[in-house]
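Read the structure below first, then the notes.
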Amino acid sequence: NAGVMQNPRHLVRRRGQEARLRCSPMKGHSHVYWYRQLPEEGLKFMVYLQKENIIDESGMPKERFSAEFPKEGPSILRIQQVVRGDSAAYFCASSPTGPTSVGPYEQYFGPGTRLTVT
Amino acid sequence: GQNIDQPTEMTATEGAIVQINCTYQTSGFNGLFWYQQHAGEAPTFLSYNVLDGLEEKGRFSSFLSRSKGYSYLLLKELQMKDSASYLCAVRDDNTDKLIFGTGTRLQVFP
């Protein structure tokens with residue numbers, strides 16, 4: 001069973017360009033979470049998605065950032081007109097169940113995409 | 001508000017025991033997780049507590065006191081490979097998002 005996959009692993013963009021980050025959850029997982037980790041800081045929640053639905057985007061900047069998880073294909077985190085402050089590691093995590101369940105079901109993290117804005 | 005506090009750095013000696021503390025104040029609670037993260041890698045799951053008490057898993061144990069908003073991760077028989085960041089995270093009870101502390105960077109010396 002392949003783990004959470006993210007690509008690209010490293011992405012370099014110039015200021016003003018668009019960055020598109022992809023995440024394929026573990027097989028059988030329909031809940032996807034995106035987190036951002038700035039250098040020397042903790043992980044910060046950005047957005048929680050289920051197939052075709054954004055459930056919680058309270059951690060996502062209002063402008064330039066968007067996320068989707070279509071019926072078919074990976075989840076995409078899109079950053080338009082990138083700025084230097086967007087340079088960070090972006091982690092995707094997936095879980096098999098959602099808030100209606102209880103139990104020690106952890107979120108499984110992908111290897112991350114390291115975005116560098118020059 | 002949401003606040004999770006951990007020490008920034010700790011050091012210990014190979015073979016020793018180390019305890020990493022975490023205190024939290026969050027609007028919701030549906031379990032507390034500890035993750036390990038080596039530099040440049042993804043966080044990997046270590047432990048989960050939702051009820052008060054101690055959960056033991058090999059060399060790693062985690063404790064939770066919900067009334068005190070307090071948890072700790074105990075690492076025994078430290079090995080060099082345990083040098084990593086240890087992340088404390090509280091799961092929100094509405095959307096399951098994880099709220100992370102800034103992590104504790106542990107260095108194990110020979």
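The values are calculated or read from the model by the stated rules, or taken from the named source; none is laboratory data. For clarity, every value in this text was computed on a predicted model and none was experimentally measured. Neighbour counts run over all protein chains shown; Cβ positions are idealised from the backbone, glycine included. For the accessible areas, the whole protein counts, side chains as well, though only heavy atoms, and no ligand, DNA or RNA atoms are used. Shrake-Rupley method; radii C 1.70, N 1.55, O 1.52, S 1.80 Å.
Report, by residue number, each residue of region B:39-58 that is more than 14 Å from the chain's Cα centre (by Cα) and either surrounded by fewer than 19 Cβ atoms within 10 Å (Cβ to Cβ) or closer than 18 Å to B:I4 by Cα (or both). Break it down into steps so the answer makes sense when it comes.
Step one: of region B:39-58, the residues more than 14 Å from the chain's Cα centre (by Cα) are B:39-42, B:51-53, B:58.
B:A39, B:G40, B:E41, B:L51, B:D52, B:G53, B:G58 - these are the residues of region B:39-58 that are more than 14 Å from the chain's Cα centre (by Cα) and either surrounded by fewer than 19 Cβ atoms within 10 Å (Cβ to Cβ) or closer than 18 Å to B:I4 by Cα (or both).
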Worksheet, complete the sentence: Note: among A:Y90, A:Y48, just one is under 20 Å from A:G3 (Cβ atoms), modelled with pLDDT under 95 and among the hydroxyl-bearing types (S, T, Y), namely A:Y48
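For region B:55-100, enumerate the residues that are hydroxyl-bearing (S, T, Y), more than 15 Å from B:F33 (Cα to Cα) and touching a residue at least 12 places away in the same chain (Cβ under 8 Å). Give the steps one after another, and end with the answer.
Of region B:55-100, the ones hydroxyl-bearing (S, T, Y) are B:61-62, B:65, B:67, B:70-72, B:83, B:85-86, B:95.
Now narrow it down to the ones that are more than 15 Å from B:F33 (Cα to Cα): B:67, B:83, B:95.
Within region B:55-100, B:S67, B:S83 qualify.
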Discussion item. Take B:D96 and tell me if it is away from every other protein chain (no Cβ under 14 Å) and open to solvent by less than 40 Å² (accessible area, probe 1.4 Å).
Written reply: no
Discussion item. Just the residues that are in a strand (DSSP E or B) and not aliphatic (A, V, I, L, M), please, taken from region B:48-69.
Written reply: B:Y48, B:N49, B:G53, B:E55, B:E56, B:K57, B:F60, B:S61, B:S62, B:F63, B:S65
Practice prompt. Scan region A:46-98 for residues that are assigned to a strand (DSSP E or B) and open to solvent by 40 Å² or more (accessible area, probe 1.4 Å) and jot them down.
Written response: A:Q50, A:N53, A:I54, A:I55, A:S66, A:E68, A:R78
Response to the item:
When restricted to B:Y72, B:Y86, the only residue at negative phi, in a strand (DSSP E or B) and within 14 Å of another protein chain (Cβ to nearest Cβ) is B:Y86
Discussion item. Name the residue that is surrounded by the fewest Cβ atoms within 10 Å (Cβ to Cβ), counting only residues in region A:6-30 that are in a strand (DSSP E or B) and more than 11 Å from the chain's Cα centre (by Cα).
Written reply: A:H10
Worksheet item: Quick one: would you say B:R91 is of a type in the set (K, R) and closer than 22 Å to A:K44 by Cβ?
Response: yes
Item to complete: Evaluate region B:75-83: report whether one residue or more is within 20 Å of B:D5 (Cα to Cα), within 14 Å of chain A (Cβ to nearest Cβ) and part of a strand (DSSP E or B).
Response: no
Item to complete: Give the number of residues within region A:31-45 that are open to solvent by less than 80 Å² (accessible area, probe 1.4 Å), facing chain B (nearest Cβ under 8 Å) and not in a loop (DSSP other than H, G, I, E, B).
Response: 5
